Structure formats: C-alpha cells, structure tokens
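The structure appears right after this line, and notes come after that.
The values are calculated or read from the model by the stated rules, or taken from the named source; none is laboratory data. Quick caveat, the model's predicted, so the values are computed rather than measured. Ideal geometry is used to build each Cβ from the backbone, glycine not excepted, and the neighbour counts take in all protein chains shown.
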Amino acid sequence: MRQLYNVSRRAFIRGMFSAGALVVGASVAPETLWASVSLARPDGKNAVLRPNVFVAVEPNDAISIVAARSEMGTGTGTVLPLILAEELDADWTKVRIHQADGDPRYGDQDTDGSHSVRSFFDLMRQCGAAARMMLIEAAANQWRVAPAECEAELSNVIHRRSGRKATYGQLAVAASKLAVPVSSRLQLKPKSAWRYIGKAVADYYLVGLCTGQPLFGIDQHLEGMLYASVERPPVFGGRSKSYDDKEALRVAGVRQVVLIPPYVPPVAYQPLGGVAVLADNSWAAMRGRQKLKVDWENGPNAAYDSQKYHNELTETSRKQGRVVRNIGDVAAVFAKHGKTFEADYYVPLLAHAPMEPPAALAEYRDGHVTVWAPTQDPMTVRGTIAKKLHIPANNVTCHVTRLGGAFGRKSMADFTVEAAYLSKVSGRPVKVTWSREDDIKFDYYNSAAAMHMEAALEPSGRPIAWLQRSTFPPIASLFETGAVYGAPGQLQQGWTDIPFNLPNLRIENGAASAHVRIGWLRSVANVYHAFGVQTFADELAHAAGRDPVEYLLELIGPARILDLNGADYPNYGASYKAYPIDTGRLRQVLELVAERSGWAKRKPGNGVGWGVAVHRSFVTYVAAVVQVEVSEKGGIKIPRVDMAVDAGQVVDRQFVTAQFEGAAVFGTSVARNGEITATGGVIEQSNFYDYPVARINDAPLETNVHIVESSAPPGGVGEPGVPPFIPAFCNAIYAATGKRARELPLARIDLRRAPAQPRS
C-alpha cells in the first residue's frame, strides 16, 4: 500500500508528480469549523488556506482516498471518500480508503455535531472533479483532441469517436504534470449522472468487521508494552491524599504503580488523576488495582446529591431567568388572561455507554508521542497530550482507529492523555483500558435539565402566549470555572429555535452549577429540550381535545423562514442563508410521517397508543410516530416506529436509514432507563445491570425510515433521529395508559393498568 504524500502549497498549486502518482489536494479554511472551502487558485491569492492531500491515483490503477473523519459505525469513513469517487468517476472496486491521522493539514477532523457530510460535501466533489478533469486533459493531450471530446467512465477516459480508451493509471504520470484547475473551471457532474450519491454502497470496512480484523482502539498492540488500569477519584474534583501499593505490587505481573496528578481547573479534556497500576497484562493490572489502598480527599462535590439537585434545578426553572429570545409581551398576556396551562419536565444525567469503553495505546520516546486511539477528535488528542507533557503539538502523532461506538464520549482526550503520561513515566509503551465500570462512573455526562413551560390559551386551545425556561449545568463548565448559563451553541438545540407561530413568546435560561463533567451525547441538549417542548405541545393538544398532528401543524403555522428575532443562534455552525429554519420542511415531514404511519387509522385503547413529535436539529427535519403496547403489568412493547426525514441531499440511503433505526434504539434506552444518579458525589451506576441499554426485546420491532427526496444542501443524520423519538414514545405511553411522563426515565413511572373489563 503506497503512502499518501502531503504536498506543499506551491507543489499543490502547480500539480505534483511523486512516486508515479497523481496527487490532488484541497484547501480548507482553518479559522472556523464550518468555513467555506474551495480549491486553491493557481495565482496563489488564497494563500491563507491550508492545502491537504485527499486523493492519489496510482499507475497500477489503484485510487487512494483519505477519510478525514473518524469511523464509528455511522458510515462516515465510506461516505466521504464516496463523494470524491463520484466526481472522479472512479471504479469503487479500485478505491482504497486511508484514515487520516490527526494532522492539521487535513483540516477539521472533529467527528461531532453531525456535520461531516455537510462540511465536506462540496470539498470532496471539488477534489474529485479536479482530478477527473486533469486525467481527461492528459488523455486529450496524448490523443491530440479537445478535452470536451473525452469523458470519464469508471476509472477510464474514453474518446468515443475514435474508440480510444485509457485507464486512470495509464494517465496518472502525465496528469500529475498539469496545473490543478481553478475553482471557476471545475465542471461538476449533474445529479442525473451520479452513480453513487443518493444510492446505497456497502460499508468499506464490512469484510474486516465480519472477519475480526483488529480495527478498533482496544485491539492495538506494541511489543514490550505495559497494560494500565487506573483508580480514579470517586468524586469529581477529588484527589489522592495518600496510597498504599504494597499488596498491588505483590500481584504477579504488576510492574509499577504511578500517581497521575489531578487536573488543573478547568478540567476540559484532562485526566481526572488517580493511581495507575502498570502490568504485563490487563488481568494483572486490574487485579493489582483491586489491591490498592487509596485515601481520597473528595473536595466540595462530595455534597452533591442527584435528588437534591433535581429539586434545585426544578425550583430554579420556576423563577425568572436570563432571557434568550423574546416576541411580544408574554407577561402582559399572562397578567390579564385567565386560562393558562403549565407543566414542569425533567431529564436526568445520561451516560454514553458505547460498546467499546475508552482505550488508548501510547508510546513516548525522545520527546515525541505516538498514540493509537478510537478518537472522534485527533486534533484535541494532540493538543491535550502536548500540554500535559510540555512538548510541541507537532511532536504528537495520533493514529485514529475505528471506534466501537462513541456517541460523543470519544471526543474527549482524557483517556489518551493517561496513556501518554504513563508511557513517559514508565519508559515503555502503555495501553490504558477502561472497564465498563470506569466508563459509567467517570463519564462526561449529558446535562440534567429542568424545564418549566407555561401557555395562555384561547378557548380553542391555541396558545397566544408561551413561556419556556430551561435550567441545566452547561458544557461551558468544562472550559470555564464557575460557568452556570448555557452558551448559544447549547441553547440553540431545540430551545431558542422553537419553530411555532406564536404572537407572544419568551424563552429563558436558568443558572445551574456542574458537579460532574458535562459533555455532549448524541443530540446533546436536543434530548431534553425536544422532550419538554414536544411533550408540552402534546399535553396542550389533549387538553383541547384536538388531534396531536393537526395541533402541531397549527402550532408550526404557515410555511415560512423563521425569523429568530435577534436571538444568538449559531445554527450548528452553518450559514443561515444556506440552512434557514424552513417551517415548510418541518410541516412536510410531519404530514409525511402521519400518512406513512397510518396515523388517521389508528385505534388507541386497551394499552395500545400512538405518539407523535417533530423536531429540527443539526439542520435536518425529522418527525416520528411511535406505536406502543403496554401490558396490564406495565410491560412495554414498541411494535412500530415511523420516521420521516428531510436531511437535504442524501449521499447513501443505506447509512441514513441505519442511523435513524439506531436512533430509535438509542432513544428507547434513554427514555426507558437512562438515569445517572449520585449520593455523596459518588456516581451510583456502574454497569449495564443498573444502567441498562435497550435489549432486543426492548427495542422497536419495526422501524420505517421515510427519506424525503431533496436537492437542499446535506444536513446531519447521526443525531437528529433521537430528539423527536423520545417525546413521541412518551406521548404514545400517555395515549396507551393515560399516564403522562413529565420526567425521565419511564422506569420511574408505574405503568400498570387495570385489567380490561369484558363487554356486557
């Protein structure tokens, strides 16, 4: 397998011949995560852009394409190269995909926020088109014909008039000597000519997955490496006062016990600190850890109690908070209006619980670190390790492995820093493996949130004034000591962007301190905000005796581009001009899911119910209908789920469908059992027996994903299915049992019902 070559700006501009390969780069603006991208111009005027190598065509016809985002089962590692292969008109069987290392020359590699395709779609198309045009030009020069007379077809250039054909490999050397076409000359394929985009292609790594190849972080191995198991402070912010390692060192295979210093606030991506046992094998490391005796100083978070915290958040959410969006005069309407409806909602802390717990292998040698890790963000890994070990970031190489699940957890670098630090101290490569208990107890949790909702209603049940207030410990607390309010990026997620057509609207945010590490989990704040808003809307519909679908359509109002009235709305990093909140698209998915699910024909009763919800997140529009059956003993079955999805231009329908099927399973886990609690600052859950995830008998029996055909720019697909599923599920529980879930998880609610009475 040939190495891909990173090219200099000058070499990129003039084209490059290296080892007989045609190498084409692209430029990505480094200043912002979602900067627009374009090919570098040969006049060098956009020298501020950073060139990167993404595709190489070899003389043996092999085509190498770099995937610059992490692969964790979402298909990103296949889909991004597929976009480039489409414009290159490459034979997919000849494509070899290479995972990018954590290197700034590949641009942003943070695989979070459901924006991989959105951020790379145009860039990958441009790279592929440029390479195709250079190959066509090379062929035309050899045949002494006009390039317009030639065309590309499955890794060949063809001149149909003369019947001549040349493979890409045969043309690679000549093409590499040509100038890269300027962006204004690029000729992208029309949608009608697409071979791959919008279709379904199998996961590139499928054979490796099915044959047990060592693709994952936990599989990595170096000769002479040590295995580490780390005893961490039981309370966030705690530290070791002293420890006794005599018994640990007596365990066969244990080589060393190392103190990892506590983090320096703010915690960000640093390790929590603790005491590490290093051994010849993982079993010895875990056994040695069990023999440690550590005296902990727990610090101020030892007073943290999740039930008391629940009460504090709820109390705060009932008081006036910081206004983040305002229309009309809600207070005046409430003051003179007699009929109001109010409700409080609560979602607890949630853990990620990916199938593969955090693991990393690192080797420190002569001031340089090489790390192998299942990371979503290799650039953060490099920067955090460099800071911890006081070395330049350029001295850290991060090899990105496949991730065995992540959901946001593996954006954090703490576990990789542990491995790097221990390697430096021990002088040998070190592999740190977290147990399931470590994973659950020392996570970066999704925020707990309390939401207070009020509405003044017309006699028809239509709201004329609406107040919503959300209180949660913010993600900003990771990076700023004492941060208590949600940043715009967190508040945008289903809160400031409520799409209802309301004459009076007031949206507030209450203050909350964090007592654990708060991070991002699949769909992040949308989890609790969609639950609060969509459950409240369903309650209003039932209180008015209205059909929930019709009521939601009335709340959304006519098709329009939402005016956010000066609210600070980052729009998931996307241009609001390119990705506005279009309530017409929201209406469309709601109407589509109602039609495809047979909503109008449903027959609730006797423990059977249907629920509906609709939500925009990560610039994608999704509506869900969930059918449930609740037994007399409170057992829940989910016979059917329907989701209508408008994610703009879809690259691979198979991967999109899988993501929304997975969202239904993930949402089932959150709604039924997702809850992290603490007493005395210590997390009480530790494994799947007390933090259950959905088993086969819990998960939906049938999930139908209805994808809207769209020419809009691509939206996200990894996360947007979760937010509407959870309230639709809970609304279905109400329809089936008459018991309203204002607080998650459903396990807290007694869903047993009286036996059905025989008909007289």
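Of these, Gly383, Gly404, which one is assigned to a helix (DSSP H, G or I) and either under 30 Å from Ala544 (Cα atoms) or not β-branched (Val, Ile, Thr) (or both)?
Gly383
Would the stretch 695-704 turn up any residue that is crowded, with 24+ Cβ neighbours inside 10 Å and in contact (Cβ under 8 Å) with a residue 40 or more places away in the chain?
no
For the stretch 547-565: of the residues being in a loop (DSSP other than H, G, I, E, B) and without any contact (Cβ under 8 Å) to a residue 24 or more places away in the chain, which is surrounded by the most Cβ atoms within 10 Å (Cβ to Cβ)?
Step one: filter the stretch 547-565 for residues in a loop (DSSP other than H, G, I, E, B), giving 547, 557-560, 562-565.
Okay, now just the ones that are also without any contact (Cβ under 8 Å) to a residue 24 or more places away in the chain, so 547, 563.
Details: Asp547: 15, Asp563: 10.
By that ranking, first place goes to Asp547.
For Val670, are the conditions met, namely being free of Cβ contacts under 8 Å to residues at least 40 places away in the same chain and either in contact with a helix residue (DSSP H, G or I) (Cβ under 7 Å, 6 or more places away or on another chain) or more than 18 Å from Leu82 (Cα to Cα) (or both)?
no
In the stretch 174-186, is there at least one residue being among the polar types (S, T, N, Q) and assigned to a strand (DSSP E or B)?
No, the stretch 174-186 contains no residue that is among the polar types (S, T, N, Q) and assigned to a strand (DSSP E or B).
Do we have Asp642 as over 23 Å from Glu743 (Cα atoms), in contact with a Leu (Cβ under 8 Å, 6 or more places away or on another chain) and charged (D, E, K, R) here?
Taking the combined requirement at face value, the residue does not satisfy it.
Of all the residues that make up the stretch 560-577, how many are closer than 13 Å to Pro488 by Cα and in contact with a helix residue (DSSP H, G or I) (Cβ under 6 Å, 6 or more places away or on another chain)?
The total comes to 2.
Does Leu540 meet the test of being buried (at least 18 other Cβ atoms within 10 Å of the Cβ), farther than 26 Å from Arg742 by Cα and touching a residue at least 60 places away in the same chain (Cβ under 8 Å)?
Considered against the rule, which asks whether it is buried (at least 18 other Cβ atoms within 10 Å of the Cβ), farther than 26 Å from Arg742 by Cα and touching a residue at least 60 places away in the same chain (Cβ under 8 Å), Leu540 comes out as no.
So which residues in the stretch 625-637 are crowded, with 24+ Cβ neighbours inside 10 Å and of a type outside the set (S, T, N, Q), if there are any at all?
The answer is Val625, Val626, Val628.
Show me the helices (runs of 4 or more DSSP H) entirely contained within the stretch 207-320 in which 1 or more residues are in contact with a Ser or Thr (Cβ under 6 Å, 6 or more places away or on another chain). Before you say what the answer is, go through the steps one by one.
On the way: elements: 246-249, 282-291, 306-317.
Here the list reads 282-291, 306-317.
Among the numbered conditions (1) within 20 Å of Ala419 (Cβ to Cβ); (2) crowded, with 17+ Cβ neighbours inside 10 Å, tell me where Leu313 comes up short.
(1)
Taking the stretch 603-624, which residues are over 30 Å from Ser575 (Cα atoms) and crowded, with 16+ Cβ neighbours inside 10 Å?
The answer is Gly607, Val608, Gly609, Trp610, Gly611.
Given the conditions (1) farther than 21 Å from Glu315 by Cα; (2) aliphatic (A, V, I, L, M); (3) outside any loop (DSSP other than H, G, I, E, B), which single one is not true for Val527?
(1)
Mind listing whichever residues of the stretch 196-231 are of a type outside the set (A, V, I, L, M, F, W, C) and either in contact with a Leu (Cβ under 8 Å, 6 or more places away or on another chain) or on the phi > 0 side of the Ramachandran plot (or both)?
Going residue by residue through the stretch 196-231, those that are of a type outside the set (A, V, I, L, M, F, W, C) are 196, 198-199, 203-205, 208, 211-214, 217, 219-221, 223-224, 227, 229, 231.
Matches in the stretch 196-231: Tyr196, Gly198, Asp203, Tyr205, Gly208, Gly212, Gly217, Gln220, His221, Gly224, Tyr227, Glu231.
Looking only at the stretch 477-518, count every residue that is farther than 19 Å from Val347 by Cα, among the aliphatic types (A, V, I, L, M) and in a helix (DSSP H, G or I) and tell me the total.
Qualifying residue count for the region: 1.
Val425 versus (1) β-branched (Val, Ile, Thr); (2) in contact with a helix residue (DSSP H, G or I) (Cβ under 7 Å, 6 or more places away or on another chain); (3) surrounded by fewer than 24 Cβ atoms within 10 Å (Cβ to Cβ): which is the lone unmet condition?
Looking at each condition in turn, Val425 falls short on (2).
Output the number of residues of the stretch 284-311 satisfying the condition of being of a type in the set (D, E, K, R) and closer than 16 Å to Gln256 by Cα.
Of the residues in the stretch 284-311, 4 are of a type in the set (D, E, K, R) and closer than 16 Å to Gln256 by Cα.
Just for the stretch 198-234: of the residues that are of a type in the set (Val, Ile, Thr) and in contact with an Asp or Glu (Cβ under 8 Å, 6 or more places away or on another chain), which one is surrounded by the most Cβ atoms within 10 Å (Cβ to Cβ)?
Val230
Quick check, is Lys424 without any contact (Cβ under 8 Å) to a residue 12 or more places away in the chain, closer than 20 Å to Val258 by Cα and outside the structural domain of Ser513 (by TED's automatic domain parsing)?
Details: without any contact (Cβ under 8 Å) to a residue 12 or more places away in the chain: no; closer than 20 Å to Val258 by Cα: yes; outside the structural domain of Ser513 (by TED's automatic domain parsing): yes.
No, not satisfied.
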